[in-house]
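In what follows, a structure is listed as structure tokens, so that the remarks can point back to it.
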Amino acid sequence: MYKKDDWQRQKKKAPEPNKDVQGKHQIIGIVENIVFRSEETGYTVCTVKSPDMDSPITVVGNCPALWIGETLEATGEWVRHQRHGYQFQASVITCIPPTSAKGIERYLASGMIRGIGKVNAQRLVQAFGKDTLRIIEKESKRLEEIEGIGPIRRQRIKESWIEQKGVRDIMIFLQGHGIGNAQSARIYRYYGSDAINIIRENPYRLAGEIWGIGFKTADEVAISIGMPMNSELRARAGLEHILRTMTEEGHCFCSEPELLLHAEALLEIPVETLTSALKYELDMGYLINDMNKIYLAPIHAAEVGIANKINELLTTPCSFKPIVADKAVPWAEQRMNISFAPKQAEALAMALSEKVSIMTGGPGVGKTTIIRALVDIFGARKLTVSLAAPTGRAAKRMEEATLHEAKTIHRMLRFIPKLGRFEHGPGNLLKSDVFILDEVSMIDVRLMYDFLSALPGEACLVLVGDTDQLPSVGPGNVLRDLIASDSIPCMKLDMIFRQETGGLIVRNAHRINNGGRLEISNDDKSDFFFIESQNPDQVIANMLNLVTDRIPKKFGFNPMTDVQVLTPMRKNMLGADNLNAILQNALNPTGECIERFGRKYRIGDRVMQIRNNYDKDIFNGDIGLISTADQTDQELTVDFDGRRIKYDFSDLDELVHAYACSIHKSQGSEYPSVVILLATQHYKLLQRNLLYTALTRGRKLACLVGSTKAVQMAIGNNEIRLRRTGLQARLRGDSHIEYDTIDQQHE
């Protein structure tokens with residue numbers, strides 16, 4: 001035990017601790033305050049008070065779970081911090097729930113249990129004293145004796161208490177492996193009370209089933225609980241991990257030799273063991289070998305399914321009588337009071353005449369006008385038309401342009417969280433005569449397969465997209481492969497019609513696409529501006545000036561909702577993470593703050609969902625504003641275009657700030673104004689389609705901030721990264737095509 005006189009000695013302002021305070025010691029005390037805690041790593045700084053200490057001491061160390069009011073037992077040594085003085089550096093920390101009434105009250109008031117704040121903590125302890133924790137766990141019905149606690153809150157308190165205990169057990173079991181509170185909570189919710197047994201049996205399930213946990217973490221857990229480095233279970237998990245990583249890079253498959261080579265390098269396992277593991281994975285159907293191309297089974301099923309469904313649609317008669325394009329096109333012109341250009345009329349006639357068709361082209365070429373005409377013509381024939389897009393913003397744009405309901409693909413198919421699948425699919429088809437799908441370039445093979453598999457064979461399908469934008473974030477290159485297969489009628493529109501004020505957004509988008517130089521105007525009524533900025537500090541200063549002052553004053557855009565900062569990457573000084581911290585400090589610096597996962601969430605903050613959450617019916621890329629934060633119930637509410645969605649504090653790692661976002665994340669969205677940052681430090685990502693995609697996100701205004709050199713680098717780099725896909729070959733029926741040359745360089 002650390003003696004009182006030792007504590008007094010170390011509190012003196014001596015330059016170094018004397019021999020009495022050096023070496024290993026143990027302290028026991030009550031946690032008074034948590035100064036800092038990382039939910040991801042468990043690194044904690046707290047103050048502890050013990051009866052045999054004159055003053056609270058600072059304890060620093062890694063602890064899986066810690067709450068104010070608990071008894072802390074720590075083993076470690078005294079160290080002198082340059083700024084903060086003497087601290088107890090703990091190598092081992094153990095926490096014990098409090099037993100005194102005062103300790104229990106502080107414990108419950110700290111926010112550990114949803115539904116209990118300071119007031120309810122005081123009322124509970126006044127009523128039940130030292131028995132409070134036992135009553136919460138064993139006799140929770142009695143909680144309703146307390147004012148302000150009814151059946152619903154009582155149930156919430158009981159469930160939160162059970163979950164907290166389960167999460168703590170998991171965190172202690174997984175201590176030291178980088179699994180924080182949020183991941184532990186997900187593990188508990190997914191596996192329940194049997195979580196630890198499941199992890200002991202196969203820790204690699206964590207990487208495949210729990211969002212936020214990767215193979216590296218699961219591998220550390222596996223090795224720490226005694227799994228041999230060269231076990232076949234580890235080999236199988238490693239093979240799947242490599243294929244999953246490749247799908248994250250856009251590929252659908254990997255050759256067998258390359259897969260084994262990568263696995264041998266990653267896992268340091270003999271190739272014989274890996275070959276045996278691969279055979280097991282293939283025999284069990286987890287992986288598929290298609291002509292020595294190894295797929296994850298769901299990706300293979302999606303690729304094959306897309307080809308089969310396209311062929312079914314092409315060969316199944318339509319559900320309605322043919323529409324005479326020669327009559328329908330003039331009718332649409334008269335109704336819309338416009339005259340179609342020859343290619344527009346041709347594209348409209350194609351979509352009316354063909355069972356499946358593709359319409360592609362850049363901004364301002366009239367794609368939306370043709371969609372409007374199709375909706376009017378099909379509607380006049382009393383046919384049912386369904387409009388869909390991969391993102392909420394793209395669907396909303398379709399709806400505004402056509403005055404016809406449009407949905408995201410996910411909401412059209414209706415995911416059933418309990419069953420883990422969509423409501424609509426092969427056994428429960430959607431009911432419409434015509435389906436028009438926009439922003440197809442950003443749809444990966446899995447989502448396209450889910451969509452197509454829900455269409456009736458007799459339906460008419462119109463696919464719309466821009467092949468010059470960035471490809472989908474997920475695996476595959478669906479739109480390019482569909483066009484390259486020559487199996488579907490396709491029309492590329494290239495004449496610019498949209499000439500809004502200044503018109504430079506559209507003109508420069510086409511200049512970029514053609515490898516030309518940007519057109520710069522000094523006209524203050526222009527919709528495009530370029531601000532030369534030579535270094536990162538200057539880029540940030542100019543960006544801040546635009547967002548907070550110049551754009552709101554000149555154009556009247558609200559910086560909180562109408563201005564989107566776009567950058568090529570997440571990390572580094574000009575990455576989205578750092579820019580969001582800077583912009584939050586400039587636009588929303590004060591107010592109630594919830595700190596989680598290294599971020600400060602404030603009421604009014606603009607945030608983005610970064611994963612599909614089917615339980616909440618919120619999807620990757622959805623943007624909203626934080627409207628409320630409830631410390632007692634540990635809930636934060638986000639307003640997504642009028643839909644108020646609640647988040648448990650442990651789920652906040654699903655939300656990132658969205659004042660700035662990566663250009664990839666902006667795909668499918670359109671904003672009133674965009675501020676695009678482009679610097680030479682982004683050189684690894686500077687490509688023509690990246691700049692083209694960023695510029696075309698701006699509807700009314702686009703400001704490009706960066707260096708001329710970076711812009712020239714981006715426009716000059718038209719090499720498109722190859723994606724290994726087999727869809728083009730399947731659509732052609734050519735099984736001998738060299739799959740990995742599908743994605744060709746622009747001409």
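The values are calculated or read from the model by the stated rules, or taken from the named source; none is laboratory data. Bear in mind that the values here come from a model prediction, so they are computed numbers and not experimental data. Reconstructed Cβ throughout: ideal geometry from the backbone, glycine too, with neighbour counts over all protein chains shown. Only protein heavy atoms, including side chains, enter the accessible area calculation; ligands, DNA and RNA are left aside. Shrake-Rupley method; radii C 1.70, N 1.55, O 1.52, S 1.80 Å.
Residues of the range 641-680 being in a strand (DSSP E or B), of a type outside the set (Gly, Ala, Ser) and more than 17 Å from Pro559 (Cα to Cα), which ones?
Of the range 641-680, the ones in a strand (DSSP E or B) are 643-648, 655-657, 660-662, 671-678.
Narrowing further to those that are of a type outside the set (Gly, Ala, Ser): 643-648, 655-657, 661, 671-672, 674-678.
Those that are in a strand (DSSP E or B), of a type outside the set (Gly, Ala, Ser) and more than 17 Å from Pro559 (Cα to Cα): Arg643, Arg644, Ile645, Lys646, Tyr647, Asp648, Leu655, Val656, Leu678.
Would you check which residues across the range 385-414 are open to solvent by 50 Å² or more (accessible area, probe 1.4 Å), in contact (Cβ under 8 Å) with a residue 24 or more places away in the chain and within 18 Å of Met448 (Cβ to Cβ) and list them?
Arg411
Under 6 Å between Cβ atoms, which residue pairs at least 6 apart in sequence (or on different chains) link something in the range 631-644 that is on the phi > 0 side of the Ramachandran plot and touching a residue at least 24 places away in the same chain (Cβ under 8 Å) with a partner that is of a type outside the set (Asp, Glu) and open to solvent by 10 Å² or more (accessible area, probe 1.4 Å)?
Gln634/Arg114
Please verify whether Ala90 is under 34 Å from the mean Cα position of the chain (by Cα), crowded, with 19+ Cβ neighbours inside 10 Å and aliphatic (A, V, I, L, M), treating the condition exactly as stated.
So Ala90 does not fit the description; no.
What tally of residues in the range 259-275 results from selecting those that are open to solvent by less than 50 Å² (accessible area, probe 1.4 Å) and within 29 Å of the chain's Cα centre (by Cα)? Explain how you work it out, then say what you get.
Going residue by residue through the range 259-275, those that are open to solvent by less than 50 Å² (accessible area, probe 1.4 Å) are 259-260, 263, 267, 269, 273-274.
Keeping just the survivors that are within 29 Å of the chain's Cα centre (by Cα) gives 259, 263, 267.
Final tally of qualifying residues: 3.
Could you tell me which residue of the range 689-732 is farthest from the chain's Cα centre (by Cα), considering only residues that are of a type in the set (Lys, Arg), surrounded by fewer than 21 Cβ atoms within 10 Å (Cβ to Cβ) and assigned to a helix (DSSP H, G or I)?
Arg732
Ala702 fails exactly one of the following numbered conditions: (1) modelled with pLDDT of 90 or more; (2) out of contact with any strand residue (DSSP E or B) (no Cβ under 8 Å at 6 or more places or on another chain); (3) of a type in the set (A, V, I, L, M, F, W, C). What is the number of that condition?
For Ala702, the exception is condition (2).
Each row is one residue, and each column tells you yes or no for (1) in contact (Cβ under 8 Å) with a residue 60 or more places away in the chain; (2) over 25 Å from Val705 (Cβ atoms).
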| residue | (1), (2) |
| --- | --- |
| Pro568 | yes, no |
| Ala576 | yes, no |
| Leu583 | yes, no |
| Ala586 | no, no |
| Pro589 | no, no |
| Arg596 | yes, yes |
| Arg611 | yes, yes |
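Out of the range 547-572, which residues are surrounded by fewer than 22 Cβ atoms within 10 Å (Cβ to Cβ), at pLDDT 90 or above and out of contact with any Leu (no Cβ under 8 Å at 6 or more places or on another chain)?
Asp549, Arg550, Pro552, Lys553, Lys554, Gly556, Asn558, Asp562
Determine, yes or no, whether His241 is within 22 Å of Val473 (Cα to Cα), of a type outside the set (Phe, Trp, Tyr) and either touching a Lys or Arg at 6+ places or on another chain (Cβ under 7 Å) or not in a helix (DSSP H, G or I) (or both).
Considered against the rule, which asks whether it is within 22 Å of Val473 (Cα to Cα), of a type outside the set (Phe, Trp, Tyr) and either touching a Lys or Arg at 6+ places or on another chain (Cβ under 7 Å) or not in a helix (DSSP H, G or I) (or both), His241 comes out as no.
What number of residues within the range 163-198 are open to solvent by 70 Å² or more (accessible area, probe 1.4 Å) and under 25 Å from the mean Cα position of the chain (by Cα)?
The number of residues fulfilling the criteria is 2.
Counting only residues that are part of a loop (DSSP other than H, G, I, E, B) and open to solvent by less than 60 Å² (accessible area, probe 1.4 Å), which one in the range 298-318 is modelled with the highest pLDDT?
The first filter runs over the range 298-318 and keeps only residues part of a loop (DSSP other than H, G, I, E, B), leaving 316-318.
Within this subset, residues satisfying the condition of being open to solvent by less than 60 Å² (accessible area, probe 1.4 Å) are 316, 318.
Numbers: Thr316: 94, Cys318: 91.
Applying the filter and picking the extreme gives Thr316.
For the range 52-64, which positions are buried (at least 22 other Cβ atoms within 10 Å of the Cβ) and either over 16 Å from His25 (Cβ atoms) or within 36 Å of the chain's Cα centre (by Cα) (or both)? Spell out the reasoning first.
Of the residues in the range 52-64, the ones buried (at least 22 other Cβ atoms within 10 Å of the Cβ) are 57, 59, 63-64.
Within the range 52-64, Val59, Cys63, Pro64 meet the criteria.
Pick from Asn230, Asn181, Asn197: which is touching a residue at least 60 places away in the same chain (Cβ under 8 Å) and at negative phi? Walk me through it before giving the result.
Working: Asn230 fails: touching a residue at least 60 places away in the same chain (Cβ under 8 Å); Asn197 fails: touching a residue at least 60 places away in the same chain (Cβ under 8 Å).
When all the criteria are applied, what remains is Asn181.
Has the range 442-450 got at least one residue that is buried (at least 24 other Cβ atoms within 10 Å of the Cβ), at pLDDT below 95 and assigned to a helix (DSSP H, G or I)? Give the steps one after another, and end with the answer.
Filtering the range 442-450 for residues buried (at least 24 other Cβ atoms within 10 Å of the Cβ) gives 442-443, 445, 448-449.
Imposing the further condition that a residue be at pLDDT below 95 reduces the set to 442-443.
In the following step, the residues that additionally are assigned to a helix (DSSP H, G or I) were identified as 442.
Yes, the range 442-450 contains a residue that is buried (at least 24 other Cβ atoms within 10 Å of the Cβ), at pLDDT below 95 and assigned to a helix (DSSP H, G or I).
Report, by residue number, each residue of the range 507-533 that is under 16 Å from Val675 (Cα atoms) and in a helix (DSSP H, G or I).
Residues satisfying the conditions are Asn508, Ala509.
Any chance you could count how many residues in the range 280-297 are surrounded by 15 or more Cβ atoms within 10 Å (Cβ to Cβ) and touching a helix residue (DSSP H, G or I) at 6+ places or on another chain (Cβ under 8 Å)?
Looking only at that region, the number is 11.
Exactly one of (1) over 26 Å from Lys492 (Cβ atoms); (2) open to solvent by less than 40 Å² (accessible area, probe 1.4 Å) is unmet by Gln334. Its number?
(2)
Of the conditions (1) surrounded by fewer than 17 Cβ atoms within 10 Å (Cβ to Cβ); (2) out of contact with any strand residue (DSSP E or B) (no Cβ under 8 Å at 6 or more places or on another chain); (3) in contact (Cβ under 8 Å) with a residue 60 or more places away in the chain, Asp523 satisfies every one except a single condition; which number is it?
(3)
Condition first: touching a helix residue (DSSP H, G or I) at 6+ places or on another chain (Cβ under 8 Å), modelled with pLDDT of 85 or more and either more than 21 Å from Tyr671 (Cβ to Cβ) or not β-branched (Val, Ile, Thr) (or both). Now tell me which residues in the range 521-535 satisfy that. Lay out the reasoning, then the answer.
First, pick out the residues of the range 521-535 that are touching a helix residue (DSSP H, G or I) at 6+ places or on another chain (Cβ under 8 Å): 521, 524, 526-528, 530-533.
Cutting the leftovers down to modelled with pLDDT of 85 or more gives us 526-528, 530-533.
Answer for the range 521-535, where residues must be touching a helix residue (DSSP H, G or I) at 6+ places or on another chain (Cβ under 8 Å), modelled with pLDDT of 85 or more and either more than 21 Å from Tyr671 (Cβ to Cβ) or not β-branched (Val, Ile, Thr) (or both): Ser526, Asp527, Phe528, Phe530, Glu532, Ser533.
Take the residues in the range 718-747 that are at pLDDT 85 or above and polar (S, T, N, Q), then tell me which one is nearest to Asn311 (Cα to Cα). Can you show your working first?
Initial filter on the range 718-747 (at pLDDT 85 or above): 723-732.
Among the residues that remain, those that are also polar (S, T, N, Q) are: 725, 728.
Working: Thr725: 18, Gln728: 13 Å.
Result: Gln728.
Scan the range 73-86 residue by residue and report those that are touching a residue at least 40 places away in the same chain (Cβ under 8 Å) and under 40 Å from the mean Cα position of the chain (by Cα).
Glu73, Ala74, Thr75, Gly76
Can you find even one residue in the range 293-309 that is over 24 Å from Leu259 (Cα atoms) and hydrophobic (A, V, I, L, M, F, W, C)?
For the range 293-309, residues over 24 Å from Leu259 (Cα atoms) and hydrophobic (A, V, I, L, M, F, W, C): present.
Give the residues of the range 646-659 that are open to solvent by less than 20 Å² (accessible area, probe 1.4 Å) and not acidic (Asp, Glu), sorted by residue number.
Selection gives Tyr647, Phe649, Ser650, Leu652, Leu655, His657, Ala658, Tyr659.
Only one of Gly111, Gly115, Gly148 is among the small types (Gly, Ala, Ser) and over 25 Å from Asp651 (Cβ atoms); which? Spell out the reasoning first.
Values: Gly111 fails: over 25 Å from Asp651 (Cβ atoms); Gly115 fails: over 25 Å from Asp651 (Cβ atoms).
That would be Gly148, the only listed residue that is among the small types (Gly, Ala, Ser) and over 25 Å from Asp651 (Cβ atoms).
Residue by residue through the range 93-126, note down the ones that are in contact with an Asp or Glu (Cβ under 8 Å, 6 or more places away or on another chain), among the hydrophobic types (A, V, I, L, M, F, W, C) and more than 20 Å from Ser160 (Cα to Cα).
The one that is in contact with an Asp or Glu (Cβ under 8 Å, 6 or more places away or on another chain), among the hydrophobic types (A, V, I, L, M, F, W, C) and more than 20 Å from Ser160 (Cα to Cα): Ile93.
Look at Pro363 and say whether it is surrounded by fewer than 19 Cβ atoms within 10 Å (Cβ to Cβ) and either without any contact (Cβ under 8 Å) to a residue 40 or more places away in the chain or of a type outside the set (A, V, I, L, M) (or both).
On the way: surrounded by fewer than 19 Cβ atoms within 10 Å (Cβ to Cβ): no; either without any contact (Cβ under 8 Å) to a residue 40 or more places away in the chain or of a type outside the set (A, V, I, L, M) (or both): yes.
No, not satisfied.
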